[in-house]
Structures are given as C-alpha cells and as structure tokens.
Amino acid sequence: MKTQILKNILLTMILSISFQFCLTAEKENVESLKKCQIDFGSIVVKNIQSGGIFALAPKLTMDTEVKITNPNQTEVKFYSFDLNVSLLDGENEEYLGNVLSDKETIIPANTTIILPLKIKSEFEERIDAKLIRIALKLLADLNEKKDSEILIQGHVKYNSIFGNIDIPVKEIQKARLKSK
C-alpha cells in the first residue's frame, strides 16, 4: 500500500513538472510571437476592367507580400492571421480589404520570410462612389510614386495546448504601391 501511495505521489510530481515545462514553453512562444514584426512593404494594384462597353470604372485587385521578421533566438510558429488593411488619408480611414492566411507558418530564429498574399477587397465585386474615391487616391499615390500610409489591424493566431490564442496586431505602416 505504501508503494502504491509513493507511486501515485511520484506520478503526480512528474505530471506537475511536465505541465509546468509545457506552460513555460507556451508562454515563451507567445512572447516571442509578440516580438515578431509584420511588414507590408508593397501593395500591387492590378487594374481589371469591370466588363462591358459601358463600364464606368475599372475594378481593382490588390496583392501584397507580407514580410515577417523573427528577431528571437528561437523559432516561432503561428497558425493563422486575419488582418484588415485600411488606407489612411488625412483623418480618414478607408477599408481596402482583408489579408487572411490559415496556413501554419514556422519562422526560424533571426530570419525574415516573405509570404505572397492576396488582399480580398470589395473592389473586385462592386464599385460605388466611395470605392471610386479610394481607387482615385490609390492611383494618384501610384502615379506620384508616393508611399501610402496604411493601417493594419487584426490578429495572429497561435495554437497552444490550451486552445487558440489571438495576439492583436495594430500598426500604421508606409507601403509602396506598384502596378502590374
């Protein structure tokens, strides 16, 4: 009976230490993820005619390359991200679209990776006065070779033993517009 009690105590201690180790590793990865930098260095604006002879405005599609830098001494892993991209024009914030990735990505220590992604936007489905105004601003910045100020906000998802953890992202960046 004493041996059974000792075995149970020993098993409980081993499980407790293992759990503490897993908890520490999960916390370190989350902290490392927070240090990573997400950069939209450029946005490629594609011009696609909306169809028909009487189309008044072209529809736009946009692609981007998301550069993710891991400055940590260890690799980091994230499972998805969902980021909204908005054009800042003075005091106005105009929604451009959404960048979504649901693919697990591992970033080695002290490395930068580049993910080519599509910006899913309303420009592809319809065009109205608001979208025409945004398109004109984008095209003006493109013609002037001017960096556009964009707001990126959303979250990076990390899958842990405790479930999904969302790490919020909100920052303003300059992006070079390119045409294709």
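Points worth noting:
- Considering residues of the stretch 129-153 that are assigned to a strand (DSSP E or B) and modelled with pLDDT of 85 or more only, the residue farthest from LYS170 (Cα to Cα): GLU149
- Top-ranked residue of the stretch 59-96 - restricted to ones that are among the β-branched types (Val, Ile, Thr) and touching a Cys at 6+ places or on another chain (Cβ under 8 Å), ranked as modelled with the highest pLDDT: THR69
- Search result, residues across the stretch 73-127 that are among the aromatic types (Phe, Trp, Tyr) and in a loop (DSSP other than H, G, I, E, B): TYR79
- The stretch 96-116 - residue that is surrounded by 15 or more Cβ atoms within 10 Å (Cβ to Cβ) and over 11 Å from the mean Cα position of the chain (by Cα) and, of those, nearest to ARG133 (Cα to Cα): LEU96
The values are calculated or read from the model by the stated rules, or taken from the named source; none is laboratory data. Only a predicted model underlies this, so the values are computations on that prediction, with no experimental measurement involved. Please note: Cβ atoms are built from the backbone with ideal geometry, for glycine as well, and neighbour counts cover all protein chains shown.
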